């Protein structure tokens, strides 16, 4: 029995050693590669604070809003846990968006890391679903009406889908119970996907700023890169703390401090800031079905990016044309985020439509076309 325990202990230690201590890392990684570990830290923060909040939260439409206020006012440290969880979601998305754009810039989606990229997109989708359901739980005005608007979009697949999501004929107590149960469960599903993501990362190895294979030019993760990650974590902690202690409600919506009222519609219904670019895409298409397909397609298209790409060069360091286009798509994403919070009227509607067209043009046309062009230029020079 003791031998079996010793074998298990040695096996666990060998896994920790090979994946965290002696893990071979490219010698030229920059601080941009710290966003992955920061995302893992954000997930841990969200799970731990979420478990604490679930101990005091009551998933009932008559008590949910009051239970959140009870956490804020009466539970020792409750205000800190609630603000850490609410702002932690925003921090999580900030880090993940930086992680995604870093991958786009350095071509981390290219072979042999296609599955690694696709697993990351799946994690992103699960994050969005989890965050949406979590936004409903405080049961404020924006929570209720946001849930009503977004769940109604599923009517394009049939009203029975909406009724199933609601658990009835409107957003009511069964809806809140379902969302609470799924919101509590899905972070653990995300954690499982993260483990798969890490397994794929360690199978194929990390990309690097030059985008070249560096199978022989590597150093161990410890003690070299853990120091970089630790420094990045300290900077992130300072950034997080500024919002947490000085501007805890800056990234939220004030209407969510008003109890949900099905009889009073807010003047302007908007989701959380991290959904705004995709919300803008949804609203830019005048047809409901077309808008839903465009919004879903804006995320799903990332799954097909490794297979759409035609470039033989990975990093933007050696791709001057693509490098300029990258900053266009980055600016376009910020523009969509701004449009998503504006009312649907001139000129915001027209700007949103133009930004949406460019978004899809970038992935479906420009990426493959620029790859073909750059390949020809490289061959011409050779």
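Quick note: the coordinates plus some simple rules give every number you see, no bench work behind them. Predicted model only: the values in this text are computed from it and were never measured. Every residue, glycine among them, receives a Cβ derived from its backbone with ideal geometry; neighbour counts consider all protein chains shown.
Points worth noting:
- Here is the tail figure for the range 30-269: Cα pairs spaced more than 28 Å apart come to 40 percent of all pairs.
- Shape category assigned to the range 53-168 from the gyration tensor of Cα positions, a/c cut at 1.5: oblate
- For the range 146-203, radius of gyration divided by Kirkwood radius, i.e. Rg to Rh on alpha-carbons: 1.19
- Counted residue by residue at 0.36 nm each, then reduced by the alpha carbon distance between them, the extension gain from residue 27 to residue 327 reaches 105.3 nm.
- Full-extension gain in nm, residue 164 to residue 185, via 0.36 nm per residue minus C-alpha separation: 5.7 nm
- Approximating the spin labels as points 7 Å out from Cα along Cα→Cβ, the residue 350-to-residue 250 distance works out to 3.4 nm.
- Among 260-266, 75-81, 178-184, the order from most to least packed when residues are scored by Cβ within 10 Å on average: 178-184, 75-81, 260-266
- Label point at residue 210 placed 7 Å out along Cα→Cβ; residues across the range 302-322 whose backbone nitrogen lies under 19 Å: 312-320
- A straight chain from residue 48 to residue 293 at 0.36 nm per residue would run longer than the Cα-Cα distance by 84.7 nm.
- Residue 203/residue 76 FRET efficiency (R0 45 Å; Cβ-Cβ; nearest 0.05): 0.50
- Cα Rg, Dmax, the range 275-382, angstrom units: 15.7, 53
- Taking the centroid of alpha carbons for each part, the range 316-382 and the range 94-165 are 21 Å apart.
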